[in-house]
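Beneath this line is the structure, given in structure tokens, with notes to follow.
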Amino acid sequence: MHGAQFVADDGNAPVLPAAARGDARELVFHLAAVKWSIGTLRAVVELGIPDLLADGPGTAGELAALAGVDASRLRRVLSAAATAGVLVEDGAGRFSLTPAADGLRTGGPGGFRDVFLFLTDPMMWRPYEDVAHAVRTGEPAFDHLFGEPFYEHLRRDPVASDLFDRAMVQNDGPETYDLFDDLDARRYRRIADVGGGRGSFLAGLLRRHPGVTGAVCDHPLAIAGAADEFARCGVADRAEAIETDFFEKVPPGFDAYLVKRSLQNWEDLDAVRVLARVREAIGDDRDARLWIVNHLLTRSGVPDLGKLSDIEMMAILGGRERGWADWTRLGAEAGFAPVGEPGAGRVTLLTFRPI
């Protein structure tokens, strides 16, 4: 979430945030108050309010009776959510969904409920209490506060791990699949998704390109649900899961190796280790390609959401977001050269050839 969306007294017309009004003091307070919106919205989701409003508007009293909570307190939360632009409150005290809230329903099409719950979970929130620790020491704030690295925490906590897996399934919208609209199924008939978890993205990709087969290559725990995911998506006959420690070895024999939204998890040395293992797997196949899907940072002085998510990488995982010069340098160190240069400031597809 970028910040709160405040609205005017009529509940409809947006009010310009302090940043647009040029008031320095108000801007700082506006940014600090984002926690009010985030905390409110998390309560709305945890109480199941978007699900309860799926069939139409309701009052705080009606919703409280269904949720089994205090009506007075719920009304205050719902009014705050409406002020933040997530719900709509009419003059009669009835609340209804906006498109944002509709996406927070359980199992809603195109929904992002689990992504939101993951991003606002204490394991993702608490590291922001001490970003300065990461700056001072080079150690992720997560390790400092939780006493172990992020992925070790997931392996020890099945509830956290399940939330992470569900969030990753919802993490890729249509725009990510659109990056592969021009995929040549005759040239790239076999694709390895390196670090692809339980294979949700690979399954979706194969559904869109019937002539392609593939494998998700990841830690045994990460791929545990891959077979079910492939069956659910109707691609079980064209997809497999391969247990892989991609820091040590990546399976050979694929026409393209996809590394999607994971290299930002690590600093340069470890990112190069992964890419070098991919280069070893490619061997002498000069026609094979490395595909990296990641945010590409803009140049200095240009605002970019990736410059904010870069702090999350630093505070939680010890990784970093990167610009074009960074990606080309890492690729060269691992034995790759870029093919074209995509636009910056968004999640994009970076293509590399072996050298």
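Of the listed requirements (1) in contact with an Asp or Glu (Cβ under 7 Å, 6 or more places away or on another chain); (2) open to solvent by 20 Å² or more (accessible area, probe 1.4 Å); (3) at pLDDT below 95, SER79 misses just one: (3). Test GLY306 against the criterion of being open to solvent by less than 10 Å² (accessible area, probe 1.4 Å) and either outside the structural domain of GLY196 (by the TED database) or in contact with an Asp or Glu (Cβ under 6 Å, 6 or more places away or on another chain) (or both), and give yes or no. Judged against the criteria, GLY306 is a match. Close Cβ contacts (under 7 Å, 6 or more residues apart or on different chains) running from residues in the range 217-234 that are assigned by the TED database to the domain that holds ILE191 to residues that are of a type in the set (Ser, Thr, Tyr) comprise CYS217/THR244; ASP218/THR244; GLU229/SER200.
Restricting the range 156-186 to residues that are more than 19 Å from the chain's Cα centre (by Cα) and more than 21 Å from ILE292 (Cα to Cα) leaves a set whose member that is most open to solvent (accessible area, probe 1.4 Å) is ARG156. Considering only residues in the range 284-321 that are within 15 Å of the chain's Cα centre (by Cα) and in a loop (DSSP other than H, G, I, E, B), the one that is farthest from PHE142 (Cα to Cα) turns out to be LEU305. Each residue in the range 101-116 was checked for being open to solvent by less than 20 Å² (accessible area, probe 1.4 Å) and in a loop (DSSP other than H, G, I, E, B), and 4 pass. Exactly one residue out of GLU46, GLU89, GLU62 is modelled with pLDDT of 95 or more, closer than 24 Å to LEU163 by Cβ and open to solvent by 70 Å² or more (accessible area, probe 1.4 Å), and it is GLU46. Here ARG189 qualifies as surrounded by 15 or more Cβ atoms within 10 Å (Cβ to Cβ), in contact (Cβ under 8 Å) with a residue 40 or more places away in the chain and either of a type in the set (D, E, K, R) or in contact with a strand residue (DSSP E or B) (Cβ under 7 Å, 6 or more places away or on another chain) (or both). Within the range 228-239, if we keep just the residues that are over 16 Å from ARG166 (Cβ atoms) and touching a Gly at 6+ places or on another chain (Cβ under 9 Å), the residue that is most open to solvent (accessible area, probe 1.4 Å) turns out to be ARG238.
Kindly state which helices (runs of 4 or more DSSP H) lie completely within the range 172-261 and contain at least 2 residues that are modelled with pLDDT of 95 or more. So the answer is 200-208, 226-232.
The values are calculated or read from the model by the stated rules, or taken from the named source; none is laboratory data. Everything numeric here is computed off the predicted structure, so don't read it as measured data. Neighbour counts run over all protein chains shown; Cβ positions are idealised from the backbone, glycine included. Surface areas here come from the heavy atoms of the whole protein model, side chains and all, with no ligands, DNA or RNA. Shrake-Rupley method; radii C 1.70, N 1.55, O 1.52, S 1.80 Å.
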